[in-house]
Amino acid sequence: MGGGGVTGPPCKLSTPSLEWSPLRREKKARRSSFHLAGRATCRLRAGGTMSTRPPMRPPGNVPAVLLGFQPALALTGALCLQQNLGSSSPSKKQSKENTITINCVTFPHPDTMPEQQLLKPTEWSYCDYFWADKKDPQGNGTVAGFELLLQKQLKGKQMQKEMSEFIRERIKIEEDYAKNLAKLSQNSLASQEEGSLGEAWAQVKKSLADEAEVHLKFSAKLHSEVEKPLMNFRENFKKDMKKCDHHIADLRKQLASRYASVEKARKALTERQRDLEMKTQQLEIKLSNKTEEDIKKARRKSTQAGDDLMRCVDLYNQAQSKWFEEMVTTTLELERLEVERVEMIRQHLCQYTQLRHETDMFNQSTVEPVDQLLRKVDPAKDRELWVREHKTGNIRPVDMEI
């Protein structure tokens with residue numbers, strides 16, 4: 001599924017304390033403040049479009065939330081611990097978690113982070129409401145928000161195809177109707193009717209031929225102005241959607257891989273710190289022959305583990321920032337395509353109704369001559385004309401005389 005990730009319960013991110021030299025601590029602290037600021041800053045232009053650009057280096061302490069985006073795995077103060085060099089064990093600073101990770105995606109913790117501002121307020125935009133995964137009603141897994149959008153787009157394409165098939169059936173009905181009307185207009189039934197009524201009847205039959213022509217033209221216009229555009233619109237739509245699906249899915253897989261590396265580095269750091277603390281305690285209570293050199297070696301390993309964790313977190317942040325940017329860009333494109341699809345269908349259905357009105361008007365025009373002739377039907381006049389033509393004599397019989 002597009003944008004899918006590892007399924008699992010929410011897991012809070014915590015970072016164990018590190019034992020570093022003062023110079024290294026200061027350098028890492030400065031770099032951590034930049035990570036906290038986030039790598040992807042998004043803003044909406046006046047036209048309502050989204051643009052992404054790398055942020056300027058933040059001055060001082062910058063909030064981790066920038067326009068609705070919480071950078072991944074923001075490191076807490078535990079990474080920048082102050083160490084008492086004279087102390088026998090590293091000092092530990094407790095800090096409240098401000099992030100929570102679900103399916104390898106890091107979100108602000110609801111207990112510590114303020115409500116985020118929507119990227120496109122009041123618009124109910126795709127880019128604001130499909131960041132989390134949703135439980136799959138078909139099974140025990142989850143469906144990524146992007147996958148739901150993709151399914152909607154593909155369903156819309158199928159609906160458009162079915163609409164064009166519906167119009168095609170309408171065209172076939174019109175063609176069959178026109179064919180039957182033309183055939184009926186050639187029927188010879190009642191062709192010997194005479195007088196004004198005969199003229200009206202002949203016009204009735206002629207109107208069928210005219211009406212057949214109207215329906216043939218109507219069906220032709222339905223094909224060229226409604227059915228064909230519906231069929232041709234976004235012929236490569238499914239292909240483009242599959243490309244988007246694979247792209248977002250690859251970014252999500254990369255995010256999951258980077259998250260796994262973070263967890264592995266976190267575990268390694270915890271083990272190194274535990275080893276350092278154990279050796280330091282053994283030296284203090286004289287339970288071991290460990291020398292100061294052993295302590296320094298353990299401290300170097302702990303520091304290296306901390307560097308590895310920082311590197312993994314940095315790579316994770318980069319992967320999540322890239323996924324975030326592509327999600328915003330792609331969802332806005334899907335939104336644009338959906339608006340375009342709906343508007344296009346609306347326009348062509350309006351064209352259908354306009355053609356239908358025109359057909360009714362043309363049909364009415366074929367009936368009008370029939371109405372006119374029917375109003376002229378005059379039985380008395382017909383009788384006069386017929387008598388004049390067929391009379392045999394106007395002298396009536398009389399009685400016989402003897």
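The values are calculated or read from the model by the stated rules, or taken from the named source; none is laboratory data. Since the structure is predicted, the reported quantities are computational estimates derived from the model, not experimental observations. Please note: Cβ atoms are built from the backbone with ideal geometry, for glycine as well, and neighbour counts cover all protein chains shown. Only protein heavy atoms, including side chains, enter the accessible area calculation; ligands, DNA and RNA are left aside. Shrake-Rupley method; radii C 1.70, N 1.55, O 1.52, S 1.80 Å.
I'd like the full set of residues that are assigned to a loop (DSSP other than H, G, I, E, B) and under 30 Å from Ala202 (Cα atoms), limited to the range 136-191. Talk me through it step by step, then tell me what you get.
From the range 136-191, those assigned to a loop (DSSP other than H, G, I, E, B) are 136-141, 144, 186-191; that's our starting set.
Within the range 136-191, Gln186, Asn187, Ser188, Leu189, Ala190, Ser191 qualify.
Mind checking which residues of the range 216-236 are open to solvent by less than 40 Å² (accessible area, probe 1.4 Å) and touching a Leu at 6+ places or on another chain (Cβ under 7 Å)?
Just the residues of the range 216-236 that are open to solvent by less than 40 Å² (accessible area, probe 1.4 Å), to begin with: 218-219, 222, 226-227, 229-230.
Correct list: Phe218, Leu222.
Would you mention how many residues in the range 158-175 are of a type in the set (Lys, Arg) and open to solvent by less than 70 Å² (accessible area, probe 1.4 Å)?
The number of residues fulfilling the criteria is 1.
Quick check: is even one residue across the range 265-286 out of contact with any Gly (no Cβ under 7 Å at 6 or more places or on another chain) and not in a helix (DSSP H, G or I)? Working first, answer last.
Within the range 265-286, the first condition is being out of contact with any Gly (no Cβ under 7 Å at 6 or more places or on another chain), and the residues that meet it are 265-268, 270-286.
With not in a helix (DSSP H, G or I) added as a condition, the list becomes 285-286.
Checked against the condition, which is being out of contact with any Gly (no Cβ under 7 Å at 6 or more places or on another chain) and not in a helix (DSSP H, G or I), the range 265-286 yields at least one hit.
Could you list all residues from the range 257-278 that are loosely packed, with under 14 Cβ neighbours inside 10 Å and under 11 Å from Leu309 (Cβ atoms)?
Result: Lys264, Lys267.
From Leu149, Leu154, which residue is open to solvent by 40 Å² or more (accessible area, probe 1.4 Å), among the hydrophobic types (A, V, I, L, M, F, W, C) and under 21 Å from Arg341 (Cβ atoms)? Can you show your working first?
On the way: Leu149 fails: open to solvent by 40 Å² or more (accessible area, probe 1.4 Å).
After applying the criteria, what remains is Leu154.
From the list Lys217, Lys238, which residue is in a helix (DSSP H, G or I) and farther than 30 Å from Pro369 by Cβ? Lay out the reasoning, then the answer.
Numbers: Lys217 fails: farther than 30 Å from Pro369 by Cβ.
Going through Lys217, Lys238 in turn, just one is in a helix (DSSP H, G or I) and farther than 30 Å from Pro369 by Cβ: Lys238.
Looking at Gln320, is it buried (at least 18 other Cβ atoms within 10 Å of the Cβ), at pLDDT below 95 and part of a helix (DSSP H, G or I)?
Numbers: buried (at least 18 other Cβ atoms within 10 Å of the Cβ): yes; at pLDDT below 95: no; part of a helix (DSSP H, G or I): yes.
No.
For residues that are modelled with pLDDT of 90 or more and either in contact with a Ser or Thr (Cβ under 6 Å, 6 or more places away or on another chain) or hydrophobic (A, V, I, L, M, F, W, C) (or both), scanning just the range 231-253, find the one that is farthest from Leu148 (Cα to Cα).
The selected residue is Leu251.
Can you tell me which condition Phe107 does not meet? The list is (1) surrounded by 16 or more Cβ atoms within 10 Å (Cβ to Cβ); (2) aromatic (Phe, Trp, Tyr); (3) not in a strand (DSSP E or B), and all the others hold.
(3)
Among the listed residues Arg336, Arg300, Arg396, identify the single one that is of a type in the set (D, E, K, R), closer than 30 Å to Met278 by Cβ and loosely packed, with under 15 Cβ neighbours inside 10 Å.
Numbers: Arg336 fails: closer than 30 Å to Met278 by Cβ; Arg396 fails: closer than 30 Å to Met278 by Cβ.
One residue alone meets the criteria, Arg300.
Of the residues Ser185, Ser224, Ser125, Ser219, which single one is farther than 30 Å from Arg346 by Cα and hydroxyl-bearing (Ser, Thr, Tyr)? Even if it seems obvious, please write down each step before you answer.
Details: Ser224 fails: farther than 30 Å from Arg346 by Cα; Ser125 fails: farther than 30 Å from Arg346 by Cα; Ser219 fails: farther than 30 Å from Arg346 by Cα.
Only one candidate passes the filter, namely Ser185.
Could you say which residue among Arg346, Arg375, Arg356 is over 30 Å from Leu148 (Cα atoms), part of a helix (DSSP H, G or I) and open to solvent by 80 Å² or more (accessible area, probe 1.4 Å)? Walk me through it before giving the result.
Details: Arg346 fails: over 30 Å from Leu148 (Cα atoms); Arg356 fails: open to solvent by 80 Å² or more (accessible area, probe 1.4 Å).
That would be Arg375, the only listed residue that is over 30 Å from Leu148 (Cα atoms), part of a helix (DSSP H, G or I) and open to solvent by 80 Å² or more (accessible area, probe 1.4 Å).
What about Asp240, is it of a type in the set (Asp, Glu), free of Cβ contacts under 8 Å to residues at least 24 places away in the same chain and open to solvent by less than 60 Å² (accessible area, probe 1.4 Å)?
yes
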